[in-house]
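The values are calculated or read from the model by the stated rules, or taken from the named source; none is laboratory data. On a predicted model such as this, the values are computed, not experimentally measured, just so you know. Cβ coordinates were reconstructed from backbone atoms using ideal geometry, including for glycine residues, and neighbour counts include every protein chain displayed.
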Amino acid sequence: MTLKYIISLVILLPALSHGQQPLNLEAEKEAVTKCFNDYKEAVIEGQYQKAIELVDSNSLAYYQKLHQWVLQGSKTKVDSLNIFDKLTVLLIRQTVATEELKNHDPQKLLIHSFESGMLGTETLKENSLGEILIDGNNAQARLLVNELKTPAYYQFYKTQGEWRLDITSIFPQSAQAFQQMAKRNKMDENSYVLALVEAISGEKPKANLWEPIIR
């Protein structure tokens, strides 16, 4: 192999790579969009098992932790959670029978979150993706609501050649929104959470809501 040939390769390969990259990126963006749209359609149509197959390992790990918090979280532990997680734990304790919770596993808890609308099942119809950024096996997509930009971004991860949605990636923005609403209502965080639990469930919060189900 001559020096001239090697130099030619050094010059040409970056140009060739650059020429191919947009096509690859566009294909990946389409795959990310398809993952989101398939997830959205599955949730709206009540095909929750299919929806679960489209979420990533971070999402499933979160519901594993949530399952533990609901069953075993002490008052101190639950109180230490951010406002979104705290509301989720207390709302599940409020609305799901104790014996049913004991028989739940993380996937059943995720299905309950779909069925109860805790994951915004109704508003999901208004959601779509804006700009998508691809970085290897990671992707980030701006969340649009009624075609309007929001500050939230969904994260996607490619596993075994397939894109999967991290539904927990917008939870921090949800927590910030709840904190802002509590301030607007001039309420401390826990009072606001309990007011939401009552408003959503239609019943006064249970007296033992802060206590673990399994001690």
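Computed quantities for the displayed model
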| item | result |
| --- | --- |
| Evaluation of Glu131 against (1) outside any strand (DSSP E or B); (2) modelled with pLDDT of 95 or more; (3) over 19 Å from Asn82 (Cβ atoms); (4) not small (Gly, Ala, Ser) (one fails), failing number | (1) |
| Only listed residue being closer than 22 Å to Ala61 by Cβ, surrounded by 12 or more Cβ atoms within 10 Å (Cβ to Cβ), of a type in the set (Phe, Trp, Tyr) and at pLDDT below 95, chosen from Phe171, Phe156 | Phe171 |
| Residues located in the stretch 72-108, provided they are part of a helix (DSSP H, G or I), among the aliphatic types (A, V, I, L, M) and modelled with pLDDT under 90 | Leu101 |
| Which listed residue is touching an Asp or Glu at 6+ places or on another chain (Cβ under 6 Å) and either closer than 16 Å to Leu81 by Cα or not small (Gly, Ala, Ser) (or both), from Arg164, Arg184, Arg215 | Arg164 |
| From the options Trp210, Trp163, residue that is modelled with pLDDT of 95 or more, outside any helix (DSSP H, G or I), closer than 16 Å to Leu91 by Cα and not β-branched (Val, Ile, Thr) | Trp210 |
| Ser128 being more than 30 Å from Ala27 (Cα to Cα) and small (Gly, Ala, Ser) | no |
| Criterion: surrounded by fewer than 20 Cβ atoms within 10 Å (Cβ to Cβ) and touching a residue at least 24 places away in the same chain (Cβ under 8 Å) - qualifying residue of His112, His104 | His104 |
| Matching residues in the stretch 90-101 - criterion: being surrounded by fewer than 21 Cβ atoms within 10 Å (Cβ to Cβ) and closer than 17 Å to Ala207 by Cα | Gln94, Thr95, Val96, Ala97, Thr98 |
